[in-house]
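Engineer: Here it is: the structure, laid out below.
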Amino acid sequence: MEEKKEQKIYYTVELEQDGMRIDQFLAAEMKDHSRSYIQKLIKEEQVQLNGRSVKPSARLQADDQILMIVPPLQELEVLPEEMPLDILFEDDDVILINKPKGIVVHPCPGRCSGTLVNGLLAHCKDQLSGINGVLRPGIVHRIDKDTTGVLVVCKTDLAHKSLAEQLKEHSITRRYEAIVYHNFEEEEGTIDAPIGRNPNDRKKMAVEYKNGKPAVTHYRVVSHLNHRFNHIECRLETGRTHQIRVHMASIHHPLLGDEVYGPKNERKHLQGQCLHARTLGFIHPRTGTYMEFEAPLPEYFTTLLRKLSQ
């Protein structure tokens with residue numbers, strides 16, 4: 001088998017590009033790669049400006065010489081596995097999946113089977129974007145193992161870059177439904193609080209004003225189920241890890257079934273938090289048309305709504 005080699009790419013900065021950041025320059029030149037991937041290569045010293053390593057924020061001058069070394073794609077270490085996929089939409093660029101409860105989206109060290117990516121590899125063969133590396137092919141965003149609902153997966157690098165930019169610009173429509181504890185004083189509201197790693201438990205996230213990243217969640221009450229629970233809709237502006245779970249817990253409305261951020265040892269028959277990614281909308285990367293997809297509430301969720309409404 002022929003050994004895959006790294007790719008060396010050379011650029012000369014033109015007069016009209018004077019003053020640009022080097023990561024912006026390379027993102028504009030290398031349209032098949034995301035800016036975050038280019039920044040990663042710069043930080044790994046795979047990019048040289050006039051023979052020297054630089055930071056992503058380095059400013060360019062006319063006639064600067066840039067060398068970029070793109071490492072070869074690693075051989076995929078995750079095997080395809082046949083599994084049923086609830087496909088909402090599919091074309092040559094994207095595939096929309098209605099993810100069930102209990103399924104991890106992508107492999108991680110020590111867990112390389114039984115994930116959605118394993119099933120996608122079997123379904124899509126080699127037609128998944130490679131931007132996110134060997135463990136997360138095609139994955140541009142994720143939802144938690146016990147969260148159900150709409151997930152978009154990219155089949156081309158063009159689609160991956162486009163959707164990553166839309167996520168960064170907060171232009172993707174993302175609406176979730178949840179069941180939370182306690183009644184609200186107001187029927188709707190906005191939580192604007194940065195989220196980062198919990199300094200006391202690195203496996204958890206928390207509202208962190210010092211080291212967190214901006215996070216905004218809009219919510220409204222759909223229905224008052226009884227004196228203890230409410231059915232709500234959340235609309236995300238940002239997409240931080242565990243954002244809805246952390247934000248709702250921070251205002252004393254943790255999600256039902258969430259034993260990480262909510263009450264422990266309650267309703268053990270539930271499999272994790274009651275959270276469903278209902279709606280996902282975005283500009284199609286090739287056609288430029290806005291598309292919106294919905295996943296109906298799963299049976300466990302509708303059953304709980306009926307029980308808690310009585």
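The values are calculated or read from the model by the stated rules, or taken from the named source; none is laboratory data. Model, not experiment: these values are computed from the prediction. In this analysis, Cβ positions are derived from the backbone assuming ideal geometry, glycine residues included, and neighbour counts consider all displayed protein chains. SASA here: full protein model, heavy atoms, side chains in, ligands and nucleic acids out. Shrake-Rupley method; radii C 1.70, N 1.55, O 1.52, S 1.80 Å.
Engineer: Return the residues of segment 224-247 that are open to solvent by 40 Å² or more (accessible area, probe 1.4 Å), more than 18 Å from LEU280 (Cα to Cα) and either of a type in the set (S, T, N, Q) or outside any loop (DSSP other than H, G, I, E, B) (or both); say none if nothing qualifies.
Structural biologist: Hits for segment 224-247 are HIS224, ASN226.
Engineer: Would segment 106-119 turn up any residue that is assigned to a loop (DSSP other than H, G, I, E, B), among the hydroxyl-bearing types (Ser, Thr, Tyr), crowded, with 19+ Cβ neighbours inside 10 Å and modelled with pLDDT under 95? Spell out how you get there, then give the answer.
Structural biologist: So in segment 106-119, the residues assigned to a loop (DSSP other than H, G, I, E, B) come out as 106-107, 109-110, 112-115.
Next, only the ones that are among the hydroxyl-bearing types (Ser, Thr, Tyr) stay: 113, 115.
If we keep only those that are crowded, with 19+ Cβ neighbours inside 10 Å as well, we get 115.
From the residues that got through so far, the ones that are modelled with pLDDT under 95 too are 115.
Yes, segment 106-119 has at least one match.
Engineer: Next question, about the same structure. Pull out all pairs, ordered by first then second residue, where Cβ-Cβ is under 6 Å, the residues are six or more apart or on different chains, the first lies in segment 224-243 and is over 17 Å from ASP146 (Cα atoms), and the second is of a type in the set (A, V, I, L, M, F, W, C) and at pLDDT below 95.
Structural biologist: Between residues of segment 224-243 that are over 17 Å from ASP146 (Cα atoms) and residues that are of a type in the set (A, V, I, L, M, F, W, C) and at pLDDT below 95, the close pairs are LEU225/LEU308; ASN226/LEU308; PHE229/LEU308; HIS231/LEU225.
Engineer: So which pairs qualify, if the first residue must be in segment 168-184 and within 14 Å of VAL222 (Cα to Cα) and touching a residue at least 40 places away in the same chain (Cβ under 8 Å), the second must be of a type in the set (S, T, N, Q) and crowded, with 16+ Cβ neighbours inside 10 Å, the Cβ gap must be under 7 Å, and the two must be at least 6 apart or on different chains?
Structural biologist: Here the result reads ARG175/THR279; VAL180/ASN230; ASN183/ASN230; PHE184/ASN230, each pair linking segment 168-184 to a residue that is of a type in the set (S, T, N, Q) and crowded, with 16+ Cβ neighbours inside 10 Å.
Engineer: From the set of residues in segment 287-310 that are in a loop (DSSP other than H, G, I, E, B) and at pLDDT 95 or above, which is nearest to ASN98 (Cα to Cα)? Break it down into steps so the answer makes sense when it comes.
Structural biologist: Going through segment 287-310, the residues in a loop (DSSP other than H, G, I, E, B) turn out to be 287-289, 295-298, 310.
With at pLDDT 95 or above added as a condition, the list becomes 287-289, 295-298.
Details: THR287: 23, GLY288: 23, THR289: 21, ALA295: 6, PRO296: 9, LEU297: 10, PRO298: 10 Å.
Here the residue is ALA295.
Engineer: Test each condition in (1) in contact with a helix residue (DSSP H, G or I) (Cβ under 9 Å, 6 or more places away or on another chain); (2) within 25 Å of LEU255 (Cα to Cα); (3) of a type outside the set (Val, Ile, Thr) for GLY130 and report the one that comes out false.
Structural biologist: (2)
Engineer: For residues that are farther than 18 Å from LEU255 by Cα and either of a type in the set (Gly, Ala, Ser) or out of contact with any Gly (no Cβ under 6 Å at 6 or more places or on another chain) (or both), scanning just segment 292-310, find the one that is least open to solvent (accessible area, probe 1.4 Å).
Structural biologist: At the first step, the residues of segment 292-310 found to be farther than 18 Å from LEU255 by Cα are 292-296, 310.
Restricting the remaining residues to those that are either of a type in the set (Gly, Ala, Ser) or out of contact with any Gly (no Cβ under 6 Å at 6 or more places or on another chain) (or both) gives 293-296, 310.
Values: PHE293: 24, GLU294: 98, ALA295: 0, PRO296: 85, GLN310: 175 Å².
Per the stated criteria, the residue is ALA295.
Engineer: So which of THR217, THR190 ends up being β-branched (Val, Ile, Thr) and surrounded by fewer than 20 Cβ atoms within 10 Å (Cβ to Cβ)? Talk me through it step by step, then tell me what you get.
Structural biologist: Numbers: THR217 fails: surrounded by fewer than 20 Cβ atoms within 10 Å (Cβ to Cβ).
Residue meeting the stated conditions: THR190.
Engineer: Give segment 53-104 a look and list any residue that's of a type in the set (A, V, I, L, M), under 23 Å from ASP146 (Cα atoms) and touching a Leu at 6+ places or on another chain (Cβ under 6 Å), or say none.
Structural biologist: LEU88, LEU96, ILE97, ILE103
Engineer: Only residues that are out of contact with any His (no Cβ under 9 Å at 6 or more places or on another chain) and either in contact (Cβ under 8 Å) with a residue 40 or more places away in the chain or acidic (Asp, Glu) (or both): list them for segment 207-223, please.
Structural biologist: From segment 207-223, those out of contact with any His (no Cβ under 9 Å at 6 or more places or on another chain) are 208-214, 218, 220; that's our starting set.
Result: GLU208, single match.
Engineer: Counting just the residues of segment 36-92 that are charged (D, E, K, R), assigned to a loop (DSSP other than H, G, I, E, B) and closer than 19 Å to LYS155 by Cβ, which one comes out most open to solvent (accessible area, probe 1.4 Å)?
Structural biologist: Filtering segment 36-92 down to residues charged (D, E, K, R) leaves 40, 43-45, 52, 55, 59, 63-64, 75, 77, 81-82, 86, 90-92.
Those still in the list that are assigned to a loop (DSSP other than H, G, I, E, B) too: 44-45, 55, 63-64, 75, 77, 81-82, 86, 91-92.
Retained after the next criterion (residues that are closer than 19 Å to LYS155 by Cβ): 81-82, 86, 91-92.
Numbers: GLU81: 55, GLU82: 154, ASP86: 77, ASP91: 41, ASP92: 128 Å².
Top of the filtered list is GLU82.
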